[in-house]
Amino acid sequence: MCPVPMRRYTAALLPLGLLLMVSTLPAQTPTPVGTWRGSWNSPDGSIYAATVQLTVAPDGVVDGAISWTLTETRRADLLPKVGQSGIEYVHGTYDARCRVLSIAGYRLDDPRQILGMDRYELILAANGGGLGGVTENQGAWTGMLSLRR
């Protein structure tokens, strides 16, 4: 049995189109290894473009970096920083049987102070072409991350 109930994520992934991508890409062994691009958004109106680089060891340990660029916000403190970038370094685990990636930020390279470290609970699409799910977003679990290869 998978450690994370898939039903919890199915509804979250449908708007992202990740479940629909299963029929559009050729069959492959699913792995989160490599480069991903997409976006993260929050109910406060902040949107960040993301480029994610991930490696996975044979025991499922994940290391990576997320390059973030603030693209939109309604927050007054961040408005002058739209277009600025920073990097969040992440570490965690990948359960290949369930396609569940659990990672958390542990260090920032963020000279312009546009980022906060987050925790991520993501599902890899069955065909390996999409990766997405929820992020802790300061404890509310309302951030949404959607990535494609």
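Scan the range 31-47 residue by residue and report those that are free of Cβ contacts under 8 Å to residues at least 60 places away in the same chain and touching a strand residue (DSSP E or B) at 6+ places or on another chain (Cβ under 9 Å).
VAL33, GLY45, SER46, ILE47
Could you say which residue among VAL52, VAL61 is within 18 Å of the chain's Cα centre (by Cα), over 22 Å from SER146 (Cβ atoms) and among the hydrophobic types (A, V, I, L, M, F, W, C)?
The match here is VAL61.
Residues to consider are LEU79, LEU14; find the one that is at pLDDT 95 or above, under 24 Å from ALA140 (Cβ atoms), over 13 Å from the mean Cα position of the chain (by Cα) and of a type in the set (A, V, I, L, M, F, W, C).
LEU79 is the lone residue from the list that is at pLDDT 95 or above, under 24 Å from ALA140 (Cβ atoms), over 13 Å from the mean Cα position of the chain (by Cα) and of a type in the set (A, V, I, L, M, F, W, C).
Here is a check on your reading of the model: is LEU79 of a type in the set (A, V, I, L, M) and touching a residue at least 60 places away in the same chain (Cβ under 8 Å)?
No, not satisfied.
If LEU115 satisfies every condition in (1) touching a residue at least 24 places away in the same chain (Cβ under 8 Å); (2) over 18 Å from SER46 (Cβ atoms) but one, which is the exception?
Single failed check for LEU115: (2).
Keeping to the range 128-145, report how many residues are surrounded by fewer than 17 Cβ atoms within 10 Å (Cβ to Cβ) and among the charged types (D, E, K, R).
The qualifying residues number 0.
Quick check: is even one residue across the range 103-113 modelled with pLDDT under 95 and of a type in the set (S, T, N, Q)?
So far as the range 103-113 goes, no, none of its residues is modelled with pLDDT under 95 and of a type in the set (S, T, N, Q).
The values are calculated or read from the model by the stated rules, or taken from the named source; none is laboratory data. Every value quoted in this text rests on a predicted model; they were computed, and no experiment measured them. Please note: Cβ atoms are built from the backbone with ideal geometry, for glycine as well, and neighbour counts cover all protein chains shown.
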